[in-house]
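Working notes for the structure below.
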Amino acid sequence: MTTTAPSPASWSELLGPRYRSTSAVLAGGVGLHAVNIFLTTSLLPTAIGELGRESLYAWSATVFMVASVISSMTVSRLLAHRGALGAYLFALAPFFVGTMICAVSPSMEVLLVGRAVQGLGGGLLAGLSYAVLREALPEYLWARATALVSAMWGVGTLAGPAIGGLFAQLGQWRLAFVALAVVAAAIAVIP
């Protein structure tokens, strides 16, 4: 009796109807986190122009990244308690809430609170994408899926400053955060 090996992995299969939603959620989690890191950098000069407190400029990235690192260390525990779907929804919640806090912040101090809450969700999203990949997809797609998820860091590096710069140029830095919150909500409802 011979067993047939699965067909070789292809991008069309990973992004095709069967795994499209899974791929979108895995890539979307890292994409949100990565775009947010770089988008905010290009928005901050405009935000500080409105909110003041230039001395807090560097803290925006610091509180976000520290919160991200701390929350990413809890990914395995979160998965064990909530499962993949529950963990993603749990991670999207603080990202969404933190993003909306940033969008409505009346001061730099409130913006920093929003960035910290965003960071908690963002760290979970980034970690979950790598942790869930092996559970959500067949083994022969793991390499392609890892490449897709990892490519989101490059997308964030390019798209984040461009999108942030566009919103800053238009004087609508708050709308950039609203747009991120909309994308987070959209990822939450992917079937």
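The values are calculated or read from the model by the stated rules, or taken from the named source; none is laboratory data. It should be emphasised that the depicted structure is a prediction, and the values quoted were computed from it without experimental measurement. Here the Cβ positions follow ideal geometry from the backbone for every residue, glycine too, while neighbour counts run over all protein chains shown. SASA here: full protein model, heavy atoms, side chains in, ligands and nucleic acids out. Shrake-Rupley method; radii C 1.70, N 1.55, O 1.52, S 1.80 Å.
For this structure, a couple of remarks:
- Across the stretch 46-59, the number of residues qualifying as under 22 Å from the mean Cα position of the chain (by Cα) and open to solvent by 30 Å² or more (accessible area, probe 1.4 Å) comes to 3.
- Phe177 within 21 Å of Asn36 (Cβ to Cβ) and open to solvent by less than 30 Å² (accessible area, probe 1.4 Å): yes
- Contact map, the stretch 106-118: first residue touching a residue at least 12 places away in the same chain (Cβ under 8 Å), second residue of a type in the set (D, E, K, R) and not in a helix (DSSP H, G or I), Cβ cut-off under 6 Å, separation 6 or more or different chains; pairs are Met108/Arg53.
- Applying the set (1) at pLDDT 95 or above; (2) among the aliphatic types (A, V, I, L, M); (3) open to solvent by 30 Å² or more (accessible area, probe 1.4 Å) to Ala147 leaves exactly one unmet item: (1).
For (1) more than 14 Å from the chain's Cα centre (by Cα); (2) open to solvent by less than 50 Å² (accessible area, probe 1.4 Å); (3) of a type in the set (Lys, Arg), each residue gets a yes or a no:
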| site | (1), (2), (3) |
| --- | --- |
| Gly83 | yes, yes, no |
| Ala87 | no, yes, no |
| Pro94 | no, yes, no |
| Thr99 | no, yes, no |
| Pro106 | yes, no, no |
| Val117 | no, yes, no |
| Leu120 | no, no, no |
| Pro138 | yes, yes, no |
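- Single residue of Ser23, Ser72, Ser68, Ser42 found to be open to solvent by less than 30 Å² (accessible area, probe 1.4 Å) and under 16 Å from Arg115 (Cα atoms): Ser68
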